[in-house]
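**Q** The following block contains the structure, expressed as C-alpha cells.
Where a number appears in this text, it was derived from the coordinates with a stated rule and is not lab data. Quantities reported herein were computed from a predicted structural model and do not represent experimental measurements. Here Cβ is always computed from backbone atoms with ideal geometry, including for glycine, and neighbour counts include all displayed protein chains.
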Amino acid sequence: MRFQIPEHELMGPGHVACPGCGAAQAMRYVLKALGEKTIVVLPACCWSIIAGPFPYSSLQVPLYHTAFETAGAAASGIKAGLEIQGDTDTTVLAWAGDGGTFDIGIQALSGAAERNDDILYVCYDNEAYMNTGIQRSSATPWGAWTTTTPVRHFKNRPKKDIMMVMAAHKIPYAATATVAFPDDLVAKVQKAKTIHGTRFLHILSPCPPGWKIPSEIAIRLARLAIETKIFPLYEIENGEKYTITRQPDGVPVIEYLKFQGRFKHLTKSQMDDIQDMVEKEWENLLSKTERSH
C-alpha cells in the first residue's frame, strides 16, 4: 500500500519565511507526522521569525521561545513537567537550526542525549547562520562562501558530522531527512514518535538567499544533495545499527554545486576534491552499514 502523508495541517498561512524556504516546509511535514499533541521549543533561529511576531503564531500547537543555547535543556524541562502532570502522550519537539545545534546549542543537546531525555530534537540545517546574515557555522560545507568566509577565504574545513556526534551518545534513534522526499521524512518522524528517549532528526533545508539560488529550485537541490551522496538518507539506532533508507543515483557533485552562488568561485580541481571527499564519506557510511547488519 502506498505511504500516505497525513492531510491535517498544523502550520497555517501567514508565516514570514522566504520563498522556497526548506525550513518552513520541514516544519509543515514534521507537524503533520506528530499531530496536535505537540509542544514546540524554539531557540533563536530563522524560525523565531518565521513563526510570526508575538502574540501571533503560524503554528497551531503550543510554541515556547527560548534562548539560543538552551533548546535541549528547555525541551527536557518541559517534558519533565508534563510527566509530573501525568501527561505521557505529548511530544516535546526541540526545533533548532544548525547554529543552535552544531555550535551554540550542542552543550544542552549533548546533556539531554546523555540523560536520554524523552524528547524529539530536530535540526533543520541550512548550513549557516542565515537569520543573522549568512555567517559560517560548523555545518557550512567545505568550499562555501558566507559573509564570514568570503570568496578569497572560503571555508576550508569540512562540515561537522553531527550524526556521528549523536551516535556516540548511544541514543535510541537518529536519522537524516530532507524536504525533497517527504514520505521518507514523515515516516521517520512517525517512527521517532513511537520510541522512548532522545530522538534526533537532521533535516537538510535549502535556503535560497544563503545558498544564492532561485527559490523555485530549492526542492531540486535538496533532491540532488541525496542523489550526489552529499547528504545521504539513513538511520542510526542505539548508536550502532545503520540503515540507508534511499540509495542515491550517484550523480556527480558538480550537478549540485553549479546551481549555487555560494560555490561559484570553486575551480574544477576544487570540485574534484569535493567529489573525492563525498565518495570517501559514502564508503565510510557503507562500511558502518555492513558491520551493523
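**Q** Checking the condition among the hydrophobic types (A, V, I, L, M, F, W, C), crowded, with 18+ Cβ neighbours inside 10 Å and in contact with a His (Cβ under 9 Å, 6 or more places away or on another chain), which residue from Ala177, Ala144, Ala167, Ala108 passes?
**A** Ala177
**Q** Ala113: without any contact (Cβ under 8 Å) to a residue 40 or more places away in the chain, crowded, with 23+ Cβ neighbours inside 10 Å and in a helix (DSSP H, G or I), yes or no?
**A** No: the conditions fail for Ala113.
**Q** Can you pull out every residue in the range 143-176 that is among the hydrophobic types (A, V, I, L, M, F, W, C), outside any loop (DSSP other than H, G, I, E, B) and either at positive phi or touching a residue at least 60 places away in the same chain (Cβ under 8 Å) (or both)?
**A** Answer for the range 143-176, where residues must be among the hydrophobic types (A, V, I, L, M, F, W, C), outside any loop (DSSP other than H, G, I, E, B) and either at positive phi or touching a residue at least 60 places away in the same chain (Cβ under 8 Å) (or both): Val151, Ile162, Met163, Met166, Ala167, Ala174, Ala175.
Residue-wise test of (1) under 19 Å from the mean Cα position of the chain (by Cα); (2) surrounded by fewer than 13 Cβ atoms within 10 Å (Cβ to Cβ); (3) assigned to a helix (DSSP H, G or I).
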position: Met27; (1), (2), (3): yes, no, yes
position: Val30; (1), (2), (3): yes, no, yes
position: Ala44; (1), (2), (3): yes, no, no
position: Pro55; (1), (2), (3): no, yes, no
position: Val61; (1), (2), (3): no, no, no
position: Phe68; (1), (2), (3): yes, no, no
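**Q** All but one of (1) closer than 24 Å to Gln25 by Cβ; (2) in contact with a helix residue (DSSP H, G or I) (Cβ under 9 Å, 6 or more places away or on another chain); (3) surrounded by fewer than 18 Cβ atoms within 10 Å (Cβ to Cβ) hold for Phe231; which doesn't?
**A** (3)
**Q** Of all residues in the range 40-65, how many are over 15 Å from Val122 (Cα atoms), out of contact with any Asp or Glu (no Cβ under 9 Å at 6 or more places or on another chain) and in contact (Cβ under 8 Å) with a residue 40 or more places away in the chain?
**A** So the count comes out to 4.
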